[in-house]
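Participant: Pasting a structure below so you can have a look.
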Amino acid sequence: MNDTLTPDTRPATDSATLGAGNRVAALLRAARRPLRQHAPVLAMYGVLKLIGFAVFLHLLDATGEFRKRDPRFGGGAHAWDVLASWDGWWYQQIAAHGYDPALVRIPEASGLITLEGNSAAFFPLYPAAMRLVSSCTGLGLYGAGLLVSILASFVAALGIYAVTARFGGRRAGLAAAGLWAVWPGSGTEWSGYSESLYVALAVWACHAVMSDRWLTAGVLTFTAGLARPTALALIAALTIAALRTLHHRHEDVVRPMTAILIAPLGLMGYLLWVGDRMGDLTGYFQLQKGAWAHTFDYGEQTLDVFTSLAVGRTDYLFPSPFEDVIGVLVVLAGVLLIPLLIRLRPPAVLTVYTVLTFVLVLGSQQIFGNVSRYLLPAFPLFIPLAVRLRTVGLPLLCTLLAIVAAASGSYAGYALFELGVP
């Protein structure tokens, strides 16, 4: 009969179907293990962030101060508009209109601020990601920026978990991901800022170095250099780690050397492009100094803030007392945690990255209250704390972190965006 399968056809069809089914089952089995491993990390981080985020928005709505401010400077029609103000406004302008680098003097200006603000002070990776996501999803630039930051924050949490788990196991990794959610400055993780994207790249670059995946590390570091200028610390950390590897092992030279060559190209390329467009290769640094009073002063302003706050004075540059006290506590915590990190004998990439991040941040003249945000990328500081917390039972650990997450709505969110200038 015409509608009857021949004996030769049936086994072939059954074999093909069986083969496809086996492949699907194999893929599901392969995905099940990382899903079981990573789901608790993502769940903990997400819940903690939601707690802090809800408290932050409640505080904004309760005080209502944002309604009296310019949308560029911590204001807006709704509480959530604050998340894309300040630097977030600049990133949206870049995503919408691109760059026009220039050094424009303010007529008859003298003192610290002598140049008009220009978008070239902000690195291009985050606004480029905003524009791409907006084009692909139909979201506006505001929604696209938040989506990029939120997704990147989860990627960063997984990376922090993966790095820390090497020192203290899964429990320590889970604690470190929780600390990333509640650390001072973490209010920018779910906002129109570039911190989450940069940290996601930095932590996985460090993980790649620790895993001898040099080409991956080089590409990630190159990309991080397009996100924030403090990627200089990551570039130096990768370079030192690669040189140490070449000193101890001579059989694999090409991959570490290639990583060393690739790593700085993103940062250097952007700075040179801006300088070329401005007609001065130091144009980026002139803009930062003349328009935002940001410059490397070898720690002079940091020392001034510490000595002033110690005697109850606030006559230093850009004072925001409540936010500045938080910054002081973060710096002191870092000074205490760095020796504990070194005591764990971590790979050189983590030590160098952390120390240089501290040097770059504390050695700069800037709005000191932002130190908590600028030091947020120093994620290896979480490692010694997380290793200590691994002995705490999981229910107690979650409870403690949840309480701190509620408080973070104030010290890591409201203080940053409304009591200071992030």
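The values are calculated or read from the model by the stated rules, or taken from the named source; none is laboratory data. The model shown is predicted, which means the values in this text are computed figures rather than measured ones. Here Cβ is always computed from backbone atoms with ideal geometry, including for glycine, and neighbour counts include all displayed protein chains. Heads up: the accessible areas ignore ligands, DNA and RNA and are worked out on the full protein's heavy atoms, side chains in. Shrake-Rupley method; radii C 1.70, N 1.55, O 1.52, S 1.80 Å.
Participant: Using a/c under 1.5 as the rounded threshold, could you call segment 348-392 rounded, prolate or oblate? The axes a ≥ b ≥ c are square roots of the C-alpha gyration tensor eigenvalues, and prolate needs a/b larger than b/c, oblate otherwise.
Facilitator: Oblate shape, in that a/c is at least 1.5 and b/c is the bigger or equal ratio.
Participant: Please give me the summed charge of the neighbours of residue 111: other residues whose Cβ is under 15 Å from its Cβ, Lys and Arg +1, Asp and Glu -1.
Facilitator: Net local charge, residue 111 excluded: 0.
Participant: So if I place +1 on the C-beta of Lys and Arg and -1 on the C-beta of Asp and Glu, and nothing else carries charge, what would the dipole magnitude of segment 294-387 be about its Cα centre? I want it in debye, nearest 20.
Facilitator: Numbers: 4 positive and 6 negative charges, 95 e Å.
Computed charge dipole of segment 294-387: roughly 460 debye.
Participant: Ordering 398, 136, 206 by how much accessible area each has at a 1.4 Å probe, largest first, what is the list?
Facilitator: 136, 398, 206
Participant: With θ set to phi - 60° and the Karplus curve 6.51 cos²θ - 1.76 cosθ + 1.60, what are the ³J(HN,Hα) couplings of segment 132-137 in order, to the nearest whole Hz, using x for Gly and Pro?
Facilitator: 5, 5, 4, 5, 7, 9
Participant: Next question. What are the ³J(HN,Hα) couplings of segment 220-225, residue after residue, when phi is run through the Karplus curve with 6.51, -1.76, 1.60 and θ = phi - 60°? Round to Hz, x for glycine and proline.
Facilitator: 5, 5, 4, 5, 4, x
Participant: Oh, and also: Could you check how much of the accessible area of segment 206-320 is carbon and sulfur, as a whole percent, using a 1.4 Å probe?
Facilitator: With neighbouring chains kept in place, the figure for segment 206-320 is 65 percent.
Participant: Can I ask one more? Where the only charges are on Cβ atoms (+1 Lys, Arg; -1 Asp, Glu), what is the dipole of the chain about its Cα centre, to the nearest 20 debye? Could you put the intermediate results ahead of the total?
Facilitator: Numbers: 29 positive and 25 negative charges, 323 e Å.
Value, rounded to 20: 1560 debye.
Participant: Can you give the FRET efficiency for residue 137 and residue 311, using 1/(1 + (r/R0)^6), R0 = 60 Å, r = Cβ-Cβ distance, to the nearest 0.05? The partial results should precede the final answer.
Facilitator: On the way: r = 52 Å, r/R0 = 0.87.
The value I calculate is 0.70.
Participant: Under a plain spin-label model, where a point goes 7 Å from the Cα along Cα-to-Cβ, how far apart in nm are residue 110 and residue 252?
Facilitator: In this crude spin-label approximation the distance works out to 6.1 nm.
Participant: Just to confirm, what accessible area per residue do you get for the chain at 1.4 Å probe, in whole Å²? Provide the component values of the computation, followed by the final result.
Facilitator: On the way: 19380 Å² over 422 residues.
Ligands and nucleic acids excluded, the result is 46 Å² per residue.
Participant: Something else now. Quick one: order 87, 324 from most to least accessible surface, probe 1.4 Å. Before the final figure, lay out each step's value.
Facilitator: Working: 87 30, 324 0 Å².
The residues order as 87, 324, largest area first.
Participant: Also, quick follow-up: Specify which labelled value, from [x] 97, 56, 53; [y] 87, 77, 44; [z] 56, 47, 32, agrees with Cα extents along the principal axes in Å derived from the coordinates of the model shown.
Facilitator: Given [x] 97, 56, 53; [y] 87, 77, 44; [z] 56, 47, 32, the structure-derived one carries the label [x].
Participant: Out of 421, 142, 37, whose Cα points farthest toward the positive end of the dipole of the chain (charges: +1 Lys, Arg; -1 Asp, Glu; placed on Cβ)?
Facilitator: The one lying farthest along the dipole's positive direction is 37.
Participant: Taking amide H atoms as placed 1.01 Å from N in the peptide plane, list the residues 5 or more away in sequence, or in a different chain, whose amide H sits under 5 Å from that of residue 296.
Facilitator: 365
Participant: Can you classify segment 266-341 as rounded, prolate or oblate using the Cα gyration tensor, where a ≥ b ≥ c are the square roots of its eigenvalues, rounded means a/c under 1.5, and otherwise it's prolate if a/b beats b/c and oblate if not?
Facilitator: Taking the square roots of the gyration eigenvalues as a ≥ b ≥ c, segment 266-341 is oblate.
Participant: Got a sec? Charge dipole of the chain, +1 on Cβ for Lys and Arg, -1 for Asp and Glu; which of 274, 161, 73 is way out at the positive end?
Facilitator: So the residue furthest toward the plus end is 161.
Participant: Rounded, prolate or oblate, given the Cα gyration tensor of segment 143-228, with a/c below 1.5 counting as rounded?
Facilitator: oblate
Participant: Rounded to the nearest 0.05, what FRET efficiency do residue 69 and residue 42 have when you use their Cβ-Cβ distance and R0 = 41 Å?
Facilitator: For residue 69 and residue 42, the calculated efficiency is 0.75.
Participant: Using a simple charge model, +1 on the beta-carbon of Lys and Arg, -1 on the beta-carbon of Asp and Glu, nothing else, what dipole does segment 251-334 show about its Cα centre, in debye to the nearest 20?
Facilitator: Charge dipole, segment 251-334, about its Cα centre: 160 debye, nearest 20.
Participant: Quote the accessible area belonging to residue 44 in square angstrom, nearest 10, computed with a 1.4 Å probe and with ligands, DNA and RNA left uncounted.
Facilitator: 20 Å²
Participant: Here is a follow-up. What full-extension length gain, to one decimal in nm, is calculated for residue 402 and residue 303 as 0.36 nm per residue of separation minus the Cα-Cα distance?
Facilitator: Answer, rounded to one decimal: 32.2 nm.
Participant: Working with all protein chains in place, sort 188, 239, 137 by solvent-accessible area computed with a 1.4 Å probe, largest first.
Facilitator: Output order, biggest surface exposure first: 137, 239, 188.
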